[in-house]
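First the structure, in the form of structure tokens, and then the observations on it.
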């Protein structure tokens, strides 16, 4: 999970909120939603010209709505928190995977949900380099702690993701034999937090 530092909201969002008496995310034009997604991703979720899903950290295609694309994710779901649907600090960009991240999360949310904006994921999670899983720093595996519940709701330890992380772990281990750490950082296209975890 990325550690996201929110920027100031874009002027076009503030103008939309100010000028429309019935302003809501649902009545925002499609092109404005794409502009907003682009603004969030490129200002807060890109490293070395690559943009990543806020939750799983796989590389995303920001301007695509297809399976390899992305969407604006409301951390606190619109269906349960309609007054926050235009709150810029409640919006991140998530991948379009149906088995993880924002789409899997849907309207699930609980008060101590670990999200990449409110909390620093570095304080809560580490990696199991054998299994490719993200694991909480504290708590018994598969417990009902906020960290485990958050991982479960987001599907961040799905087979697809753990297998992909294991491949990256092997790649990094091999590259460390003949490449400098900075070169490795620029070479890999996904999981920037895992990369930093292994290169620290």
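The values are calculated or read from the model by the stated rules, or taken from the named source; none is laboratory data. Just so it is clear, the model here is predicted, and its values are computed rather than measured. For neighbour counting, all protein chains shown are included, and Cβ atoms are generated from backbone atoms with ideal geometry for every residue, glycine included.
Can you tell me how many residues in region 41-51 are touching a strand residue (DSSP E or B) at 6+ places or on another chain (Cβ under 6 Å), part of a strand (DSSP E or B) and either without any contact (Cβ under 8 Å) to a residue 24 or more places away in the chain or under 18 Å from residue 103 (Cα atoms) (or both)?
Adding up the residues that qualify gives 0.
Region 123-200 holds helices (runs of 4 or more DSSP H) entirely within its bounds, and those carrying 2 or more residues that are over 22 Å from residue 105 (Cα atoms) and at pLDDT 90 or above map to 159-175, 192-199. Can you find, within region 6-31, the residue that is surrounded by the fewest Cβ atoms within 10 Å (Cβ to Cβ) among those that are part of a loop (DSSP other than H, G, I, E, B) and in contact with a helix residue (DSSP H, G or I) (Cβ under 7 Å, 6 or more places away or on another chain)? Here the answer is 7.
Against the list (1) touching a strand residue (DSSP E or B) at 6+ places or on another chain (Cβ under 9 Å); (2) surrounded by fewer than 16 Cβ atoms within 10 Å (Cβ to Cβ), the condition residue 123 fails is (1).
Scanning region 52-72 for residues that are closer than 21 Å to residue 134 by Cα and crowded, with 21+ Cβ neighbours inside 10 Å yields 52, 53, 54, 55, 56, 57, 60.
Consider region 136-149 and keep the residues that are crowded, with 16+ Cβ neighbours inside 10 Å and in contact with a strand residue (DSSP E or B) (Cβ under 7 Å, 6 or more places away or on another chain). The one that is farthest from residue 76 (Cα to Cα) is 136. Of all residues assigned to region 19-40, none qualifies as being touching a residue at least 24 places away in the same chain (Cβ under 8 Å), within 24 Å of residue 162 (Cα to Cα) and in contact with a strand residue (DSSP E or B) (Cβ under 7 Å, 6 or more places away or on another chain). Only residues that are surrounded by fewer than 17 Cβ atoms within 10 Å (Cβ to Cβ) and without any contact (Cβ under 8 Å) to a residue 40 or more places away in the chain were counted across region 150-161, and they come to 2.
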